[in-house]
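The values are calculated or read from the model by the stated rules, or taken from the named source; none is laboratory data. Just so it is clear, the structure is predicted and the values come from calculations on it, not from any experiment. Using ideal geometry, Cβ is built from the backbone for each residue, glycine included, and neighbour counts are taken over all protein chains shown.
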Amino acid sequence: MAKETQNDVLEKIVSLSKRRGFVFQSSEIYGGLNGCWDYGPHGVELLKNIKEEWWRSMTYREDVEGIDASILMHPKVWEASGHVENFTDPMVDCKQCKARFRIDTLGELINEKKKKKAIEEFKNKIAGNANLTHEFESVLSSAASNNGESIDAQFTALLENNVLSPLVLAELNCPQCGNKGTFTAARQFNLMFKTFIGPVEDAGAVVYLRPETAQGIYVNFLNVQNSSRQKLPFGIAQTGKAFRNEINTKNFLFRTREFEQMEMQYFVNPAEDKKWYDYWKEQRINWYKSMGMTESKLRFHDHPKEKLAHYAKEATDIEYQFPFGWGEIEGIHNRTDFDLSRHEKFSGKSLKYFDEESKEKFIPFVIETSAGASRSFMAFLIDAYYEEEVKGEMRSVLRFHPRLAPVKAAIFPLVNKDGMPEIARNIETDLRKYFKVFYDDKGAVGRRYRRQDEAGTPFCITVDTQTLTDNTVTVRERDSMDQVRVTSGVLKQYILEKVSL
Ligand code: GAP
């Protein structure tokens, strides 16, 4: 697909999201707040269904417990986790227009041709310097071994290299104002939002809005284990908001400042870490498939050893093929005993697990599955979006898995007379007790179908003339557009079975 068309797809999704009440820009009437989005009536249902399905698959099992920890935590938590020191992004400012950019995403703002040219020019410029040329070649060959011939990966690798970065930056034009050689040297910028607890706004009152939900699980590890009497291996799961002061937010819900995570930390005997890492990799990718995500648009991206976070022994991303390219929707990490050991050290409290069989005390390893609810929302939305021609007219349809669909069934009277509205209202009242439904009596039935297709409603029920004589209604299925007649008394069972609630 050409680049133009890919952007078009995203634009269409953003526009449909607003039109059909999935997602609105935060504080829109004030000009919006960058990196923050609001979920509308359909969006909140979709998001809730994604989180519920995740919760069902992750915690409706013997070995995983759920929790809901607070967003504000003791500031020492973030010292122990390494976030105060390391949760930083290198960034540069343009001295001319004052725009700020993250080094690792600067390349996304520069087109492929310009990046290629900049690399070539830089290569020529350092040609007489053997040390720089050697460094340049080794950076490019390591980028190529991880990402093939990707110009973007080469460009980013050069910018992230301490020696070459200032020299490359000097050759670049600012993506905002177009001036050349106006970048400052790279500086570290902490992504945590700070606020104050209590009435005094001084250094002793600083707390952070959590940048991930995982730490709430680690600090409660023994509370949960003791109260639930779980034995290794077992997991703790939670969903909730996380906040990051991202420098460059982008691509709709992909990188935002406020978002939701669905995280599970699985505590294992260190001798079994590989087994459980592989197990959770499979479980998690299969979950996206089971929720209808297109298999060919999902892949693992294993992190090469030299790119692993300091706490990780093994890590992979589940990536989805967005219109703008492959992007992470979930990370799976073997975090070893790093987090619990650090919390033990910083709190002075033992977080060791007592193994009753071996009578040993030790710190378990952690296999983490960390999914973005908002990012998955975007992937599910994009994956479900289709445009197709039906009888000479275009229809946009969201082919959500019925379990994720915001509204499960819409009910229409064919015409607003002959007792049809009353029968349709009775059906609506009855079904509303079991799942989300929508009543629509406005306009031609064809138009009502189109409106529901665009909202992803899997079933439309129409009360028509035949209903008046034999008590049957038509049920029209969203994807095939097939219609069957169903006795109105068994509608609840019929839809529940199809939606497999
Ligand atoms: N506890 C590990 C952790 O937080 P991460 O890779 O930083 O790992 C996990 O984040 C997931 O959270 C990502 O795969 C993504 O789905 C989501 N996520 C992270 N930053 C995000 C952001 N700025 N906007 C939206 N989603 C984000």
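Here the helices (runs of 4 or more DSSP H) wholly within region 139-257 that include at least 3 residues being more than 14 Å from the ligand (Cβ to nearest atom) and more than 20 Å from Lys76 (Cβ to Cβ) are 151-160, 165-170, 221-228.
Table: residues versus (1) within 13 Å of the ligand (Cβ to nearest atom); (2) in contact with a strand residue (DSSP E or B) (Cβ under 6 Å, 6 or more places away or on another chain); (3) more than 27 Å from Asn161 (Cβ to Cβ); (4) assigned to a helix (DSSP H, G or I).
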{"position": "Trp280", "(1), (2), (3), (4)": "no, yes, yes, yes"}
{"position": "Ala309", "(1), (2), (3), (4)": "yes, no, no, no"}
{"position": "Asn334", "(1), (2), (3), (4)": "yes, yes, yes, no"}
{"position": "Arg342", "(1), (2), (3), (4)": "no, no, yes, yes"}
{"position": "Phe354", "(1), (2), (3), (4)": "no, yes, yes, no"}
{"position": "Ser358", "(1), (2), (3), (4)": "no, no, yes, no"}
{"position": "Lys361", "(1), (2), (3), (4)": "no, yes, yes, no"}
{"position": "Ala371", "(1), (2), (3), (4)": "yes, yes, yes, no"}
{"position": "Phe377", "(1), (2), (3), (4)": "yes, no, yes, yes"}
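Go over the candidates Ala99, Ala69 one by one and state the one that is at pLDDT 95 or above and small (Gly, Ala, Ser).
Values: Ala99 fails: at pLDDT 95 or above.
Answer to the check: Ala69.
Within region 293-302, identify whether any single residue is within 27 Å of Glu246 (Cβ to Cβ) and crowded, with 19+ Cβ neighbours inside 10 Å, and answer yes or no. Yes - at least one qualifying residue is present in region 293-302. Scanning region 311-326 for residues being in contact with a strand residue (DSSP E or B) (Cβ under 6 Å, 6 or more places away or on another chain), of a type outside the set (Phe, Trp, Tyr) and at pLDDT 95 or above gives a total of 7.
Could you tell me whether Arg299 is touching a residue at least 24 places away in the same chain (Cβ under 8 Å) and either out of contact with any helix residue (DSSP H, G or I) (no Cβ under 9 Å at 6 or more places or on another chain) or part of a helix (DSSP H, G or I) (or both)?
On the way: touching a residue at least 24 places away in the same chain (Cβ under 8 Å): yes; either out of contact with any helix residue (DSSP H, G or I) (no Cβ under 9 Å at 6 or more places or on another chain) or part of a helix (DSSP H, G or I) (or both): no.
Judged against the criteria, Arg299 is not a match.
With respect to the conditions (1) farther than 30 Å from Phe24 by Cβ; (2) surrounded by fewer than 21 Cβ atoms within 10 Å (Cβ to Cβ), Asp273 falls short on a single one, namely (2). From the list Thr256, Thr249, the one residue that fits, being under 30 Å from Leu16 (Cβ atoms), of a type in the set (Val, Ile, Thr) and buried (at least 21 other Cβ atoms within 10 Å of the Cβ), is Thr256.
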